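The values are calculated or read from the model by the stated rules, or taken from the named source; none is laboratory data. A quick note: this is a predicted structure, and the numbers were derived from the prediction, not measured. Using ideal geometry, Cβ is built from the backbone for each residue, glycine included, and neighbour counts are taken over all protein chains shown.
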Amino acid sequence: MNIPQLKIGNLKPRYPIIQGGMGVGISLWKLASAVANNGGIGVISAVEPGFNFSGYLSDKKKTNREALSYNIRKAKTQSPSGILGVNIMVALNDFEEMVTSAVREKIDIIFSGAGLPLRLPELVKDSLTRIVPIISSAKAANVICKHWDRKYSRIPDALVVEGPKAGGHLGFTLEQLKNIRDFSLEKLVQEVVAAIKPYEEKYMSKIPVIAAGGIFSGKDIGRMLSLGASGVQMATRFVATYECDADQNFKNQYISAKEKDVMIIKSPVGMPGRAIRNAYLDDIEAGIKKPFKCISNCLKTCNPAKSPYCIADALINAQKGNLLKGFAFAGENVYKVNKMSSVKEIFEEVLTDLRKY
């Protein structure tokens, strides 16, 4: 297969591969800049990026904004000609402030999911920042396109369609996750491509569809491109790399994970999530409550009074390598990861397979 050119506005990465944003602290400036330097689009996660900064406990929101700015600047320094993005969840209580910070730093792209980013166009007004919603259905694609068309006279610069095999929080119910045939990524991609055609025709502009969730090999990429996707997003594949921002113990969880270790959890934020089973999650499943003190209700959908644990604390601990007090989110195909690699090696492997597709 000849590798097609992905275009998001005026941005043209060498390869149609986007690295998914992974929080807390799994994809910060090191991983994002490495991906950008290898021809993809590197993405910084805006979920609690300030956890390692002084001031985090005293003024969490301000510190997170400063940390996001720091990571963007650092990534740009390390990859001055690469394409960089940030992933900012709509569910963040300081969503608007984080978007404003990213725009101020002249980030290339904002990816936004975990809710419908209906107001995103006005938050990036008069900037060159491209905006890309992350969705899980053709219905969501239509809602966003219709709203942006009517209120802002514009359409998304691209859409990431995240299927049920993704890691982390998922945009599906538990019932939908069991019905993989009706909600497969292949089916979702084709439905979204069809749903956005009227908007593409109205604006005489293509809306690139990015397939995400379970993308692991060059063969996976080729299959999605043949179904109408313009590119793919990969996240799990980039964790066990030397450049990933997580602690080695976190990466080792990926390398040692077996297929049976991948589980669906009920997150305190009210959404299902996919993670790697460990003793911490076994305790939660057994009904053991982990004591915590909420210093800043970071997610709109989280009710600290009813939560069995603080997911921010759990993910921060895991990022630092303390898996006794946390756990690792991961995609369904994490069991296929069996060694450490460089980002360059990942690109070489998947691109070689893609060209053979």
Within the range 214-231, is even one residue within 20 Å of residue 171 (Cβ to Cβ), in contact with a Lys or Arg (Cβ under 6 Å, 6 or more places away or on another chain) and not assigned by TED's automatic domain parsing to the domain that holds residue 344?
no
The condition from (1) assigned to a helix (DSSP H, G or I); (2) under 23 Å from residue 336 (Cα atoms); (3) among the aromatic types (Phe, Trp, Tyr) that residue 216 misses is numbered (1)
The one condition residue 220 fails out of (1) crowded, with 19+ Cβ neighbours inside 10 Å; (2) in contact (Cβ under 8 Å) with a residue 24 or more places away in the chain is (2)
Per the list (1) part of a helix (DSSP H, G or I); (2) touching a Ser or Thr at 6+ places or on another chain (Cβ under 8 Å), residue check on residue 121 breaks on (2)
Those residues of the range 62-108 which are over 15 Å from residue 48 (Cβ atoms) and part of a loop (DSSP other than H, G, I, E, B) amount to 79, 80, 81, 82, 90, 105, 106, 107, 108
Considering the range 124-146, residues that are without any contact (Cβ under 8 Å) to a residue 40 or more places away in the chain and in a strand (DSSP E or B), and then whichever is nearest to residue 269 (Cα to Cα), we arrive at 133
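Do we find a residue being assigned to a helix (DSSP H, G or I) and either under 17 Å from residue 22 (Cβ atoms) or at pLDDT 80 or above (or both) anywhere in the range 285-306? Before the answer, list the steps.
To start, the set of residues in the range 285-306 that are assigned to a helix (DSSP H, G or I) comprises 285, 304-306.
Next cut, either under 17 Å from residue 22 (Cβ atoms) or at pLDDT 80 or above (or both) only: 285.
Yes, some residue in the range 285-306 is assigned to a helix (DSSP H, G or I) and either under 17 Å from residue 22 (Cβ atoms) or at pLDDT 80 or above (or both).
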Within the range 56-77, of all residues that are buried (at least 16 other Cβ atoms within 10 Å of the Cβ) and among the polar types (S, T, N, Q), the one farthest from residue 88 (Cα to Cα) is 63
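This table checks each residue for (1) at pLDDT 95 or above; (2) under 25 Å from residue 159 (Cβ atoms); (3) β-branched (Val, Ile, Thr).
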residue	(1), (2), (3)
26	yes, yes, yes
32	yes, yes, no
35	yes, yes, yes
42	yes, yes, no
54	no, no, no
87	yes, yes, no
With the first residue restricted to the range 229-244 and required to be within 15 Å of residue 335 (Cβ to Cβ), and the second required to be modelled with pLDDT under 95 and among the basic types (Lys, Arg), Cβ contacts under 6 Å at 6 or more apart or on different chains are none
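Among the residues of the range 36-55, is any buried (at least 21 other Cβ atoms within 10 Å of the Cβ), on the phi > 0 side of the Ramachandran plot and under 19 Å from the mean Cα position of the chain (by Cα)?
Going residue by residue through the range 36-55, those that are buried (at least 21 other Cβ atoms within 10 Å of the Cβ) are 36, 38, 40-51.
Now drop any that are not on the phi > 0 side of the Ramachandran plot, which leaves 48.
Remaining after also requiring under 19 Å from the mean Cα position of the chain (by Cα): 48.
Yes, the range 36-55 contains at least one residue that is buried (at least 21 other Cβ atoms within 10 Å of the Cβ), on the phi > 0 side of the Ramachandran plot and under 19 Å from the mean Cα position of the chain (by Cα).
So that you can scan it fast, the table gives a plain yes or no per residue for (1) polar (S, T, N, Q); (2) in a loop (DSSP other than H, G, I, E, B); (3) free of Cβ contacts under 8 Å to residues at least 24 places away in the same chain; (4) not assigned by TED's automatic domain parsing to the domain that holds residue 110:
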site	(1), (2), (3), (4)
150	no, no, yes, no
161	no, no, no, no
164	no, yes, no, no
172	no, yes, no, no
191	no, no, no, no
201	no, no, yes, no
207	no, yes, no, no
